[in-house]
Every structure is written in structure tokens, then in C-alpha cells.
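Read-outs throughout are calculated quantities, based only on the coordinates presented, and are distinct from any laboratory measurement. Predicted model, so just to flag it, every value in this text is computed and none were measured. In this analysis, Cβ positions are derived from the backbone assuming ideal geometry, glycine residues included, and neighbour counts consider all displayed protein chains.
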Amino acid sequence: AQSVTQPDIHITVSEGASLELRCNYSYGATPYLFWYVQSPGQGLQLLLKYFSGDTLVQGIKGFEAEFKRSQSSFNLRKPSVHWSDAAEYFCAVGAYSGGGADGLTFGKGTHLIIQP
Amino acid sequence: EAGVAQSPRYKIIEKRQSVAFWCNPISGHATLYWYQQILGQGPKLLIQFQNNGVVDDSQLPKDRFSAERLKGVDSTLKIQPAKLEDSAVYLCASSSPLTSGNNEQFFGPGTRLTVL
């Protein structure tokens, strides 16, 4: 069965500092990997996704993530965070089968706090 | 393009009562998902539809939860009777490889259910 681990429940970063959120996955085949962001009371917004090809993917809001097959990781990074980045971040893994895109398996999330 | 619509946004009921949630996916999206997100956790897939057929309902508590997608468009998720542990946000998502790329799912704003 597939699984996603986000080892950091909370992370506090100063505004303007760099950010890295960790994600490790377990999946039997080549996974499709995603990062979503959820602000309080809001739905999930897709930040970026990896399907194949270049292992460094660019997303919205200045985020990027790197897929490392050897480490089963898909860490999210941002060079300089803004106060508006404070939110809950979820890593997810999925696949595509004959029945359409499979349901995603999510990690438990990392709560990002931005210090002024 | 209109997003995934859900209603109601909030619902408060007492345990043992019944409740229903409605979802209208993005037009043309054949695949529809219902997720349950308990406070402090990532979303968990409950059921996946491909058109009006069920693809995966392995994590749906079938003794109290039911879902249908008549005519392959709108969907309804029902809980009868509700338990305290059903308090959560219920997220609906849709996808289509023809319009949204491999396995990208678009999420609605969710319905927050509180069971007293």
C-alpha cells in the first residue's frame, strides 16, 4: 500500500528566509507526486506536481520541489518565504489506472508558521 | 471555468442524525472523489467514481456512509446515522485526463461537519 510521511508537524521560519518541507513516500511503481497548500477555511490548492521527466519541478508562488527516487523523497522548497505563505502543506502520491486517476494518498501535513 | 462546487459549506447535527452533502464537479470531468479530512490530518479517500460507476470504495464505512453519482455528474454523500468521530471536512474533487493532465485533481471548498 502506498503511504506518505511528512516528518515535520510544525515548522517556523522567519520572513525572507528559505524553506524546505520534507516528504517521503512509499509506492510500488513510479508515483505521481503532488504538493498542495491549504489556508484556514480554504480548499486545497495545487502548488506543483511531478509525473515524469525533469526531477526539479517549478510550481506557483515561487515554490519548487525535487524528486529523488533513490531517497523516495519529494521535498518542497522556496528561497524566500512571505507572511502569506503561512498555511498547511500536504504532500500526496497517486497513480493513473484504467479507471481514471486514482485517489490520492496524503501525508498528515506540515503547518508552516512565518515569524516577522 | 467554474470550479468544483459543494454544499452546504457548514453543517451541525447531533449524533445518530442523518446528513447529506452535495458536489457538482467541473464540467466534463468524468472522475469524482470524496475525501474525509479530520482535524489535524491529511485528506483520506472515501470513494472514487468514474462516470456513474464506483472505482474504489475500499475506505468507505459502508455501514453508515453511502454515495451515489446518478447520471455521472453530480454526487451525493450521505451519513446515516452520524457518529461523533464523523466530525470532519468532506472534500469533493474531480479530474479528467483530457482537460487537466495526468492525475491532477481539483478540489472543492469542502463541507465542514460537526457532530454533537
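Couplings for segment A:55-68, taken from phi via the Karplus curve 6.51 cos²θ - 1.76 cosθ + 1.60 with θ = phi - 60°, read 7, 9, 10, 9, x, 7, 6, x, 8, 9, 9, 10, 8, 10 Hz in order; Gly and Pro are left as x. For segment B:63-80, backbone phi angles converted through the Karplus equation (6.51, -1.76, 1.60; θ = phi - 60°) give residue-by-residue couplings of 6, 9, 9, 9, 8, 9, 9, 5, 6, x, 10, 5, 9, 10, 10, 10, 10, 7 Hz, Gly and Pro being listed as x.
Cross-link reach is defined here as a Cα-Cα straight distance under 16 Å, omitting same-chain residues fewer than 8 places apart; for B:LYS15 the aspartates and glutamates meeting it are B:ASP63, B:GLU85, B:ASP86. Taking the Cα centre of each part, how many Å lie between segment A:8-86 and segment B:77-95? Result: 27 Å between the Cα centres. Peptide B:26-34 shows a mean partner chain C-beta count of 2 within 10 Å per residue C-beta.
Within the straight-line cut-off of under 30 Å between alpha carbons, the lysines reachable from A:LYS49 are A:LYS61, A:LYS68, A:LYS78, A:LYS108, B:LYS44, sequence neighbours fewer than 8 places apart in one chain being disregarded. The magnitude of the dipole of the protein assembly as shown, with charges of +1 and -1 set on the Cβ of Lys/Arg and Asp/Glu and taken from the Cα centre, is near 460 debye.
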